[in-house]
2 protein chains.
Amino acid sequence: MVRTKMGSNIDVEICEQTIIHKDVVQKVSKAMSNDEDLENVADLFKIFGDRTRIRLLRALYQSEMCVCDMAYLLDMTQSAISHQLRILKQAKLVKNRKEGKVVYYSLADQHVMQILVQAYDHIKE
Amino acid sequence: MVRTKMGSNIDVEICEQTIIHKDVVQKVSKAMSNDEDLENVADLFKIFGDRTRIRLLRALYQSEMCVCDMAYLLDMTQSAISHQLRILKQAKLVKNRKEGKVVYYSLADQHVMQILVQAYDHIKE
DNA sequence: CTTTCATTTGAATAGTTGCTCATATATTTC
DNA sequence: GAAATATATGAGCAACTATTCAAATGAAAG
């Protein structure tokens, strides 16, 4: 959070091998070791980082839907949709319920969509 | 936003090929056609969806840093770091300034980190 | 029981990606 | 100018991923 001025922090004139600003590295290293699991956020973003899955989440934000409807909506095969829904379900982003032969999917919770919307706002600047 | 009850919306008894709930699909399709570019969010998330890049952003959130310091901090080669910084810069997530031989990177804006933090909160539930 | 249909699943494939290695560029110092 | 150093860059490679295709489930209907 505190932005240090670089010009005054060069305490190691010539880097031994790769490190130049020893104090900065130590400070940042200490701050980063506190909550390690922030890095697991990458796994969540990896799931968001696919056009098909974003479209699916967005569709389900509007309404609960069955697999074949989503396939029609996105103009993709049922198999492809089913594969992606499996990934979304494993990540606990969607849930499903069965009604006869038809399986209906919906968002696991509303909070998920807030992350998408905020990212959307960021892009529009 | 409005969750419709599925059981009462089956207006097409037998699906022609793949579509079952015509009205739902039409409604969702209409809602999704409004702001197309929400789907471009996937590109932003694709960048967030990498452990190394998340760690870099997190480090730069603490302090401006040069390439070799980041390489030392993350225990990776300078080349690998440089490649990732290039991706982050193309996405306008970081900026850099040159001072002699050394190139210092920093976050392009603070808003970026808010998205990460919110995702982090979501994971912790 | 057989057929039909919605969905799932696994293997195969084409495309993408993150890293490494070698090399190039740019700047300082001698 | 030559050597040293910080960074950037491009090719190559191994690992991963999204889709397709074929086949398997599982439930309803005849």
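The values are calculated or read from the model by the stated rules, or taken from the named source; none is laboratory data. Note that the structure is predicted; figures quoted are calculated from it, not measured. For neighbour counting, all protein chains shown are included, and Cβ atoms are generated from backbone atoms with ideal geometry for every residue, glycine included. Only protein heavy atoms, including side chains, enter the accessible area calculation; ligands, DNA and RNA are left aside. Shrake-Rupley method; radii C 1.70, N 1.55, O 1.52, S 1.80 Å.
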Carbon/sulfur fraction of accessible area - the stretch A:41-124, other protein chains in place, 1.4 Å, %
48 percent
Which order do you get for B:Ile20, A:Ile81 if you rank them by accessible area with a 1.4 Å probe, largest at the top?
B:Ile20, A:Ile81
In nm to one decimal, list the spacings between the B:Glu125 label point and its equivalents in the other copies, with label points set 7 Å along Cα to Cβ, shortest first.
3.8
Once phi is turned into ³J(HN,Hα) by the Karplus curve 6.51 cos²θ - 1.76 cosθ + 1.60 with θ = phi - 60°, what whole-Hz value does each residue of the stretch A:37-45 show in order, with x for glycine and proline?
6, 4, 5, 6, 4, 4, 5, 5, 5
One finds, for B:Gln114 and B:Ser82 with R0 = 35 angstrom and r their Cβ-Cβ distance, a FRET efficiency to the nearest 0.05 of 0.85
Would you grab the residues whose amide H sits under 5 Å from the one on A:Met65? Only those 5+ places off in sequence or on another chain, please, with H modelled 1.01 Å from N.
A:Tyr105
Solvent-accessible heavy-atom area per residue, rounded to whole Å², over the stretch B:41-124 at 1.4 Å
46 Å²
Report, in listed order, any pair from A:Lys46/A:Lys95; A:Lys30/B:Lys92; A:Lys98/B:Lys30; A:Lys89/B:Lys89; A:Lys30/B:Lys101; A:Lys98/B:Lys46 with a Cα-Cα distance greater than 23 Å.
A:Lys30/B:Lys92; A:Lys98/B:Lys30; A:Lys89/B:Lys89; A:Lys30/B:Lys101; A:Lys98/B:Lys46
Using each residue's phi in the stretch B:103-111, evaluate 6.51 cos²θ - 1.76 cosθ + 1.60 at θ = phi - 60° and report the 3J(HN,Hα) Karplus result to the nearest Hz, with x for Gly and Pro.
10, 9, 10, 8, 5, 5, 7, 6, 4
Within 10 Å of each Cβ in B:69-77, how many Cβ atoms from other chains are there, averaged over the peptide?
4
B:His122 versus B:Ser106: modelled label distance in nm, points set 7 Å from Cα along the beta carbon direction:
3.0 nm
At B:Lys95, with labels set 7 Å past Cα in the Cβ direction, how many nm apart are the copies from this one, shortest first?
4.5
Am I reading the A/B interface right? What is its buried accessible area, both sides, 1.4 Å probe, to the nearest 100 Å²?
6400 Å²
